[in-house]
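Asks: Please find one structure pasted underneath; my questions will follow.
Quick note: the coordinates plus some simple rules give every number you see, no bench work behind them. Bear in mind that the values here come from a model prediction, so they are computed numbers and not experimental data. Cβ coordinates were reconstructed from backbone atoms using ideal geometry, including for glycine residues, and neighbour counts include every protein chain displayed.
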Amino acid sequence: MLFPSITFLFYFLPLFFLAYCVAPGITAKNVVLVAASLVFYAWGEPLFVLLLAAGIAFNYAAALLIGAAQGGRRRLVAG
C-alpha cells in the first residue's frame, strides 16, 4: 500500500484515525499506533513484519533494562 493510493486514503487512514481518537489513554493510543504500523507494513511485504516486530521487542526490552538500572550500572547497560 502506498500513501497516495485509494486504499490508504479512503480506507486505512480514516479507520486508523478513528481508532486512534477513540482509544481512551496514551497506552491504548500507542497500541493502536504500533498495530496500524504493523498492518501497513504487512500490506506491502508480510515477511518484513517479523523483522520489524523483533526489532520492536528488542528495543522495548533494552529500554526496560536501561530504565531499571541505577547509577553506574545504568551507564554499563546503556552502552
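Asks: Any number yet on Rg/Rh for the range 1-44, C-alpha, Kirkwood?
Replies: Radius of gyration relative to Kirkwood radius: 1.00.
Asks: Also, I was wondering about something else. Report, in degrees rounded to the nearest 10, the 0 to 90 angle that the Cα long axis of helix 46-68 makes with the longest principal axis of the chain.
Replies: Long axis of 46-68 versus the principal axis of the chain: about 30 degrees.
Asks: At a Förster distance of 35 Å, what's the computed FRET efficiency of Leu18 paired with Ala61, Cβ-Cβ distance as r, to 0.05?
Replies: For R0 = 35 Å, the calculated efficiency reads 0.65.
Asks: Given 0.36 nm per residue, what is the gain on full extension from Ser37 to Leu2 after removing their alpha carbon distance, in nm?
Replies: 11.3 nm
Asks: Still on this structure: Assuming a ≥ b ≥ c are the square roots of the Cα gyration tensor eigenvalues, decide whether the chain counts as rounded (a/c under 1.5), prolate (otherwise, with a/b larger than b/c) or oblate.
Replies: Because a/c hits 1.5 or more and a/b fails to exceed b/c, the chain counts as oblate.
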